[in-house]
Amino acid sequence: MSRRPIQLRINKLVLPEAMADDPAGIGGALERELARILADRGLPSGLEARGQTTHLDGGKVEGAGGDTTEIVGTQIARAIHEGLKP
């Protein structure tokens with residue numbers, strides 16, 4: 001079964017000051033993890049039929065002091081994917 005291409009654009013990612021030291025690093029980690037999740041699991045059931053989603057609140061990610069950009073980006077990607085569920 002072939003999957004249709006997915007285009008996801010994140011217009012705004014709001015980070016608290018404590019996590020904003022390396023936004024490009026967090027963004028890169030987020031992109032890698034979200035791509036991995038979508039490749040493994042695809043879109044949540046029902047979302048593909050809805051078509052374009054104009055707004056998604058990815059929720060709140062609680063980072064612990066000392067978390068790496070990779071950990072924070074991964075947590076955000078997982079929150080976004082969870083938020084895609086209809």
### Task
Run down 54, 68 and say which single residue is of a type in the set (S, T, N, Q) and at pLDDT 75 or above.
68
### Query
Filter segment 28-51 for residues that are hydrophobic (A, V, I, L, M, F, W, C) and at pLDDT 70 or above; which is nearest to residue 11 (Cα to Cα)?
30
#### Entry: Residue count for segment 10-25, restricted to those that are modelled with pLDDT under 75 and within 17 Å of the chain's Cα centre (by Cα)
3
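The values are calculated or read from the model by the stated rules, or taken from the named source; none is laboratory data. Bear in mind that the values here come from a model prediction, so they are computed numbers and not experimental data.
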